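Worksheet for the structure shown next.
Each reported figure results from applying straightforward, stated rules to the coordinates on display, with no laboratory input. Remember, predicted model here, so these are calculated numbers, not experimental data. Backbone-built Cβ (ideal geometry, glycine too); neighbour counts: all protein chains shown.
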Amino acid sequence: MLTEDQRASWAERGFFRIDGFAAPETCQAMLARVTRVVREPDLAAALGVKVVPENNKAGLEVAHPEDGVSKIFKLHRDTVFADFAQSAAVVEPVCELIAPDIDVFLSQFIFKTAGAWGQPWHQDSLYFPFEPARPVVGVWLAVTEATLRNGCLHVLPGSHTEPVHHHVPDRRPGANYGYFEIVDHDMGAAEPVLMEPGDLLVFDSHLMHCSTDNESGGIRAAMVYHYAASGTVDHTDDYFPSVNDWVPCR
Ligand SMILES: O=C(O)CCC(=O)C(=O)O
């Protein structure tokens, strides 16, 4: 059951957080598993994941393969990632926000190692040409701490009531795959979302949010899932190559 505070924050601000949601062991298991997937191309191929390079490190020597990776998509059928996506602790509250029957359709592990770019201001629904278009709910799990220095999320409270704005391609030369940016809205009231490992942010797919570059010497990792009502019609392939994979949760 969502609490009254969570419901109020959802309605007024477009998100809520649950501190200490996941055990440290879960975060460590996710990081260990995804590191193995990146280091073993045969495993990545067998799982059918999509590995996206970190373009701010293009051409640089990296100590470990994962240091040159921005994101991995389509992990939500695999081991610890599937267990988390399907857990009652996640599914029950998300059902309350969407519908009695939901699917998880998208998952991304974001490595954000030292020197990686942040993702510019956007609304996730830009990427979701669905019928019905909403509600779509994102859950963002802090796998490591997220700080101002290592590139935490920033959100614009209340912006979930906005329609999907026009987005332009991220203007940085060689920007990361899929990065688009809102440039027609005042983000002056934005708030940083500082997190400890295991903290969870639950957010509406119209909420405007971004993250900053990782200017620390360490990693800022997160695991992100998106959920929508079962039976949603997905038109993504009419627009761009889809990384969605619809898996029933309840
Ligand atoms: O974690 C980040 O750095 C950005 C994630 C994000 O914006 C998203 O998942 O939509």
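Here are a few things to note about the model shown:
- Check: the chain dipole with +1 on Lys, Arg Cβ and -1 on Asp, Glu Cβ, in debye: 480 debye
- In order through region 148-162: 3J(HN,Hα) via Karplus (6.51 cos²θ - 1.76 cosθ + 1.60), integer Hz, x for Gly, Pro: 4, 6, 9, x, 5, 6, 10, 10, 10, x, x, 6, 5, 7, 7
- Most mobile listed residue (Gly48, Gly68, Gly198) in the chain, GNM with C-alpha springs under 10 Å: Gly48
- The chain: calculated mean residue ellipticity at 222 nm from DSSP helix runs of at least 4, using -39500 (n - 2.57): -6000 deg cm²/dmol
- Dipole of region 107-207, positive end: most advanced residue of Pro129, His167, Ala116 [Cβ charges, Cα centre]: Ala116
- Relative contact order for region 97-250: 50 percent, from Cα pairs under 8 Å spaced at least 6 residues apart, divided by residue count.
- Residue with peak Gaussian network fluctuation, the chain [Cα springs, cutoff 10 Å], from Pro93, Pro173, Pro120: Pro173
- Length-normalised contact order of region 1-145 in % [C-alpha pairs under 8 Å, at least 6 apart]: 24 percent
- Net charge dipole, region 57-183: roughly 460 debye, given to the nearest 20, about the Cα centre with Cβ charges of +1 for Lys and Arg and -1 for Asp and Glu.
- Each other residue within a Cβ distance under 11 Å of Met195 adds +1 if Lys or Arg and -1 if Asp or Glu, for a net charge of -2.
- On the beta carbon distance between Asp19 and Leu148, with R0 = 22 Å, the FRET formula returns roughly 0.80.
- Theoretical gain in end-to-end length, Asp238 to Ala58 [0.36 nm per residue, Cα-Cα removed]: 61.8 nm
- Cβ-defined net charge surrounding Pro100, 14 Å radius [Lys, Arg +1; Asp, Glu -1]: -3
- Three-way shape label, region 136-178, alpha-carbon gyration tensor, a/c 1.5: oblate
- What separates the Cα centres of region 184-250 and region 5-53 is a distance of 10 Å.
- Counting Lys and Arg as +1 and Asp and Glu as -1 over every other residue whose Cβ lies under 14 Å from the Cβ of Arg250, the net charge comes to -4.
- Karplus-based coupling profile of region 135-147, in residue order and whole Hz: x, 10, 10, x, 10, 10, 9, 6, 7, 10, 5, 10, 10, with θ = phi - 60° in 6.51 cos²θ - 1.76 cosθ + 1.60 and x standing for Gly or Pro.
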